[in-house]
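Peer 1: After the structure tokens below, expect a handful of questions from me.
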Amino acid sequence: MTSKRKRILSGMRPTGKLHIGHLVGALENWVTLQNEYDNYHLIADYHALTTNLDTSELYQNSIDMVIDWLAAGIDPVKSPIFRQSQIKEHTELHLIFSMLITTARLERNPTLKDQIRDLNMESVVYGHLGYPVLQSADILLYKGEVVPVGEDQVPHIEITREIARRFNLQWGIVFPEPEPKLTKFARLAGLDGNQKMSKSLGNTILLSDSPEEIQKKMRTAVTDTLKVRKNDPGRPDVCVVFSYHQKFNPTEIPDIRSGCESGVLGCVDCKKNCSAKIAETLAPFREKRAYYESKPDEVLGILSDGEMKAKKVAIETMSEVRTVMKIG
Ligand code: SF4
């Protein structure tokens, strides 16, 4: 007897080519999960407007992201890939959901507080306040039961659960209350030592970078500032390069730690080794990426297929929503 697999909704904003932080923080997890769950992968192109109103590169960024996902191992047959903007039901459900949560509740959302701090008050628009409401529509339109997220996104899943509860109580049970599934590996620090690797901070190693580009970028990576010369003893636990070794070169960790702490190992050699290991890990990815880049029609076909599958589910859900709400 087969049991019904739970459904997962996961997505990213298309802000450019993906980096190793995306691989570690999300993609590896998604690839594993597609064997246990029914996954739906959302390209959150409307959400991207909260950080950039210039849409001239939005389409190409979306295509680049599809290629990155496929190269990382997302199987589009198991896991449909689709753009939020192409499934109009997202905006319709967002509108209904926006009646089910108070502005006071949304103002208490901790990620809004982060955005206000980063942006300044004048740049905060309604879309920032409503971000978790649109995200709730993204998840619940597909009746997502599980959402893979980092720790910082858990408050959004709580808002989604509250909206689902409120809807079900008001009109009848349509939606599940999704559970967050925490991503195992903590987020990867940027080359500059910033806790977050991000395109806007210019501190990334892209999944598509060549071995030479990786080595060049690695030269700029922040290490232990107290280790000035090769023979100075270092503190690997405060070094960004060491954190990359932990992920991409785990078997050499004891040797690197002792070499760094004793001063036998210098940062230049350590960085070269780290670059080589990252390049080696990304080699199959680059190869698959080159394949998909050379097959634009195949990529568009995969996207169109994913959008057809997503649309079918979205229409079904909205039909249930309208029926219980008695609006046609
Ligand atoms: S030797 Fe390696 S781990 Fe130690 S501080 Fe230098 S780069 Fe970091």
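Peer 1: Report the extension gain between LYS4 and LEU53 in nm, rounded to one decimal, defined as 0.36 nm multiplied by the number of residues separating them, less their alpha carbon distance.
Peer 2: Full extension of this stretch gives 13.6 nm more.
Peer 1: With viscosity set to 0.890 mPa s at 25 °C, what whole-number translational diffusion coefficient in µm²/s follows for the chain from Stokes-Einstein and a Kirkwood radius over Cα pairs?
Peer 2: Answer from the Stokes-Einstein relation: 114 µm²/s.
Peer 1: What net charge do the residues around GLU162 carry, taking every other residue with its C-beta under 12 Å from that of GLU162, with Lys and Arg at +1 and Asp and Glu at -1?
Peer 2: Net of charged neighbours comes to +3.
Peer 1: Further question on the same structure: Could you work out, for the range 209-317, what percent of all Cα-Cα pairs fall into each 10 Å distance bin, beginning at 0 Å and stopping at the bin that holds the largest distance?
Peer 2: 13, 32, 19, 14, 13, 7, 1
Peer 1: In this model, which of LYS4/LYS143; LYS78/LYS196; LYS6/LYS277; LYS4/LYS311; LYS227/LYS247 are farther than 24 Å apart at the alpha-carbon?
Peer 2: Result: LYS78/LYS196; LYS6/LYS277 exceed 24 Å.
Peer 1: For the chain, set up a GNM with springs between Cα atoms under 10 Å and report which of PRO80, PRO284, PRO254 has the largest fluctuation.
Peer 2: PRO254
Peer 1: Okay, moving on. How long are the semi-axes of the equivalent ellipsoid of the range 77-172, taking √(5λ) for every eigenvalue λ of the Cα gyration tensor, in whole Å from largest down?
Peer 2: 22, 17, 14
Peer 1: Compute a Gaussian network model of the chain, connecting alpha carbons closer than 10 Å, and tell me which residue from ALA310, ALA283, ALA44 fluctuates the most.
Peer 2: Maximum among the listed residues: ALA283.
Peer 1: Separate question: For the chain, modelled as a GNM with alpha-carbon contacts under 10 angstrom, which of ASN29, ASN249, ASN231 fluctuates the most?
Peer 2: ASN231
Peer 1: Just order 133-140, 263-270 by mean Cβ neighbour count inside 10 Å, highest at the front, would you?
Peer 2: For the peptides 133-140, 263-270, the packing ranking is 133-140, 263-270.
Peer 1: To continue, here is another question. How big is D for the range 1-153, in µm² s⁻¹ as a whole number, if Stokes-Einstein is applied with the Kirkwood radius of its Cα pairs at 37 °C and 0.692 mPa s?
Peer 2: Translational D for this selection: 199 µm²/s.
Peer 1: For the pair LYS288 and LEU182, how long in nm is the line joining their label points, each one 7 Å along Cα→Cβ?
Peer 2: Label at LYS288, label at LEU182, 2.8 nm between them.
Peer 1: Listed highest first by mean packing, meaning other Cβ atoms within 10 Å per residue, what order do 14-27, 194-207 come in?
Peer 2: So the order, starting with the most tightly packed, is 14-27, 194-207.
Peer 1: Hey, another quick one. How large is the helix-only mean residue ellipticity at 222 nm for the chain, computed as the sum of -39500 (n - 2.57) over DSSP H runs with n ≥ 4, divided by its residue count, in deg cm²/dmol to the nearest 500?
Peer 2: Mean residue ellipticity, 222 nm, calculated: -16000 deg cm²/dmol.
Laboratory data are not the source of any read-out in this text; all were calculated from the coordinates shown. Everything quoted here is computed from the prediction, not taken from an experiment. All Cβ positions, glycine included, derive from the backbone under ideal geometry; neighbour counts span all protein chains shown.
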